[in-house]
Amino acid sequence: MSKKTEDILFKNIMELFRGNAVKFFGLDKNIVSNARTELSNILDIQQNINDFAFYADDDSYVHFEFESEYRKKDLARFMVADAMLYYKEGKPVKTIVVYSSNVKDTITAIDAGAIQYNVEAFYLAKMDGDKKYDEIRAKVDAGEPLSKQDLMSVVLIPLMKNTVEKVVRFEQIINLSKELKVYEEQAQIQAMIEMLAEKFVKNEYELERLKGMMRMGAIAEMLKEEFLNERNIEITKKMLKKGLTVEDIVETTDLSIDTVKQLQAEIKQGK
């Protein structure tokens, strides 16, 4: 996955969690920003905290993990990641481990002597994916708007208890997302689905097929827009260096006068 694609995915995932979607997990707080920060040179732990850690409006962090199986050693990995985040930011961290339908009971605490560590487990096996999909499908067919919690339900349906395989549910959710009238909601769902599919779809062919479906949707359009905007900026800088006026450049590009003036100032500062 390219850095550009990854940045767009995380941006849309953060927007999904930013609203009341965290209330899906029983949290009475709102997300302010994500917590993608350099915490370690240990790749798996760094990626672990970078994927789904968010800063909340009560001056704390919420750390989500999505797991298809329970392994006690994973709790130790989460503990190290949370300790590193706390050491760096000095703020409390609440960790919720979301288990797919394969897991129904786990240990949620570690007694490490001087360290007592606890997480909250959220078992999607207790949720009826078939029923939830039918409910959301009916809302979309009726043209009803989806709440943030509805959107969170949509992306987690494939991990709930279903009578169809995960990859089939992922495909259905991708197709459903393309029917949403709000472009940002399409992008948020597809961003989250791509991240979850990478973790839960083990068949490489099926994973690439799902990614291909999404690359023809909202995420692809966002990548295209980002590319075109970058090209406009490059062209504008060249035009400014050649002495064209701000007004002439605004007339020939899609950039605003404020953006062109900002680029002009950056050039004068040698940036």
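All of TYR117, TYR70, TYR87, TYR99 fail the test of being within 20 Å of VAL164 (Cα to Cα) and among the hydroxyl-bearing types (Ser, Thr, Tyr), apart from TYR99.
Looking at this structure, is ILE235 modelled with pLDDT under 80, more than 30 Å from TYR99 (Cβ to Cβ), touching a Ser or Thr at 6+ places or on another chain (Cβ under 9 Å) and outside any loop (DSSP other than H, G, I, E, B)? Here the answer is yes, as ILE235 does meet what is asked.
Just one residue in the set LYS148, LYS139 is surrounded by 12 or more Cβ atoms within 10 Å (Cβ to Cβ), within 17 Å of ASN175 (Cα to Cα), out of contact with any strand residue (DSSP E or B) (no Cβ under 7 Å at 6 or more places or on another chain) and of a type in the set (Lys, Arg); that residue is LYS139. Residue under question is TYR117, and the condition is that it be aromatic (Phe, Trp, Tyr) and either over 23 Å from the mean Cα position of the chain (by Cα) or in a strand (DSSP E or B) (or both); does it hold? The answer is yes for TYR117.
Yes or no, residue by residue, for (1) within 21 Å of the chain's Cα centre (by Cα); (2) over 23 Å from LEU210 (Cβ atoms):
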site	(1), (2)
ASP57	yes, yes
SER60	yes, yes
GLY113	no, yes
ALA121	yes, yes
LYS126	no, yes
GLN149	yes, yes
LEU156	yes, no
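Restricting ILE49, ILE96 to those that are at pLDDT 90 or above, buried (at least 18 other Cβ atoms within 10 Å of the Cβ), aliphatic (A, V, I, L, M) and not in a loop (DSSP other than H, G, I, E, B) reduces the list to ILE96.
The values are calculated or read from the model by the stated rules, or taken from the named source; none is laboratory data. Only a predicted model underlies this, so the values are computations on that prediction, with no experimental measurement involved. Ideal geometry is used to build each Cβ from the backbone, glycine not excepted, and the neighbour counts take in all protein chains shown.
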